[in-house]
Amino acid sequence: MKTNKPSKLDKIRKDALERIAKTQQLQIRLDPELWDALLLLAGKRREPVSAMVREWIKEKLSAEADQPHAATKSQLDAIEKKIDKLLHKQTRAQSA
């Protein structure tokens, strides 16, 4: 008699499909030379091109997140107001 209990393989398949469903794909165009260089490097590293590039993207995003960001809009607005006040004072002083 066969049971309806999922096998270990069924669980692995289900988990894999859930992981895939949560990811997004990115398509990019590459020059043939760049593509060949990626294939060569991935072969030397014995890993898929997509895994290698995905890791590079993670590293770059992490490095960017560690960098100080440009001034926020509110900071720029505050600086602009200070400049306007200074210019206004200078204009009044010159006309007096």
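Full extension of the segment from GLN90 to LYS5, taken as 0.36 nm per residue of separation minus the current Cα-Cα distance, would add 22.3 nm. Spin-label model, LEU34 to LEU17: label points 7 Å out along the Cα-to-beta-carbon direction sit 3.6 nm apart. Only helices enter this figure: runs of n ≥ 4 DSSP H residues, each worth -39500 (n - 2.57), summed and divided by the residues of the chain, yield -24000 deg cm²/dmol at 222 nm to the nearest 500. Listing THR91, THR23 from fewest to most neighbouring C-beta atoms within 10 Å gives THR23, THR91. Label-to-label distance, LEU26 versus GLU47, with points set 7 angstrom from Cα along the beta-carbon direction: 1.5 nm.
Here the Karplus curve 6.51 cos²θ - 1.76 cosθ + 1.60, taken at θ = phi - 60°, turns the phi angles of region 83-96 into couplings of 5, 4, 4, 4, 5, 5, 4, 5, 4, 5, 5, 6, 7, 7 Hz, with x standing for Gly and Pro.
Laboratory data are not the source of any read-out in this text; all were calculated from the coordinates shown. No experiment lies behind these values; they were computed from the predicted model shown. With ideal geometry, Cβ positions are generated from the backbone for all residues, glycine too; neighbour counts draw on all protein chains shown.
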